[in-house]
1. Between residue 151 and residue 217, what is 0.36 nm times their sequence separation minus the Cα-Cα distance? Round to one decimal in nm.
2. Run the dipole for the chain about the Cα centre, Lys and Arg Cβ at +1, Asp and Glu Cβ at -1, nothing else charged, and hand back the magnitude in debye, nearest 20.
3. Let me check I've understood the local charge: for residue 20, count other residues with C-beta under 15 angstrom from its C-beta, Lys and Arg +1, Asp and Glu -1. What total comes out?
4. For residue 97 and residue 167, FRET efficiency with R0 = 25 Å and r from the beta-carbon atoms, rounded to 0.05?
5. With unit charges on the beta carbons (Lys and Arg positive, Asp and Glu negative) and the dipole taken about the Cα centre of region 186-298, which residue among 236, 211, 266 sits farthest to the positive side?
6. Please compute the length gained on full extension between residue 118 and residue 266, using 0.36 nm multiplied by the number of residues separating them and subtracting their Cα-Cα distance.
7. Would you mind telling me which residue in 122, 53, 254 has the biggest mean-square fluctuation in a Gaussian network model of the chain, where springs connect alpha carbons within a distance under 10 angstrom?
8. Mind checking the log10 I(q)/I(0) for the chain at q = 0.08, 0.11, 0.14, 0.15 Å⁻¹? Debye, one equal scatterer per Cα, no solvent, two decimals.
Amino acid sequence: MGRKAKFRGRDVHGVLLLDKPVGVSSNTALQQLKRLFNARKAGHTGSLDKPASGLLPLCFGEATKFSSYLLDSDKTYVVTCKLGVTTTTADASGEVIGKSAVPRLSGSELEKILARFRGVISQVPPMHSALKQGGQPLYKLAYQGREVERKPRQVTVYSLKLLDLRSDEFDIEVHCSKGTYIRILVEDIGKAIGCGAHVLSLRRIAVGPYNISAAVTIEHLRQLSEAGEAHLDDQLLPVDSMLGHFPEIEINESLAFYLRRGQAVMVPGAPTSGLVRIRFNGKFIGIGEVQDDGRIAPKRLLSL
């Protein structure tokens, strides 16, 4: 009896903006939608914790080649913070490790405290994180009851807006650089207030060029799948939609020939430095990098 053929799925290319629900891990959501789309290849662009919700861009097919550019992009979150209670994970999923009386706090007083956390700040990564030390994720060490020294990291908080303040809770909107731990930000704000704090709920509303307003839910996608795969594919954004911040160049057939063979080419009117989006016959074919001599070298090209 012969071996059963390995399932390969179909070639699907593009970016899907998913509104991830609370209680589902980013990887679980990815695998569910990979099966739903019957896609051969898919990946996400920076996970959201299981208790968090919101924008999770998923890359299908050739789009996975460029996912690192979304990983490096800035993010925006809306966060509800609980004052007077600290937890092991700095969010509501952890065990309570401390309680303190919450001081009477006016909006203007809280604004003054928030001002300290705008701009370039230093953060010590939490033990409950996927960062690795000695090849071991920190969260695994944390579950073993171990704590190791972590080096502070510099991150940037571009904006930090106070949306609402209640007696023992407040809501903020945070626009920040990659690598920013919102849980640690809230925990540090709680320390500055003097009573401690943790994240009660977190929703990501923007990633790089993408906004939650364009995202779709898993339930909606399941409904669309009943009408056929073409209806699902209509939800995919172009591969280069994540690369709009790079300048664009158009090349001819001759230049495309050499680029696809790994050779650098001279493109009239091209930028003098950095990365560029490359188009041939109006279609995106990949990104290139400007070399010191002005030629464009292929960096990552589509295989289509």
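Any read-out appearing in this document is the output of simple, stated calculations on the displayed coordinates, not a laboratory observation. Fair warning: this is a prediction, and the values are worked out from it, not measured in the lab. Don't worry about glycine lacking a Cβ; one is built from the backbone with ideal geometry, like all the others, and counts go over all protein chains shown.
1. 20.0 nm
2. 1080 debye
3. My count for the surroundings of residue 20 gives +3.
4. Details: r = 22 Å, r/R0 = 0.88.
Step by step, r from the Cβ atoms, then E = 0.70.
5. My answer, from the dipole projection, is 266.
6. 49.0 nm
7. 254
8. Reported log10 I(q)/I(0), two decimals: -0.46, -0.81, -1.11, -1.19.
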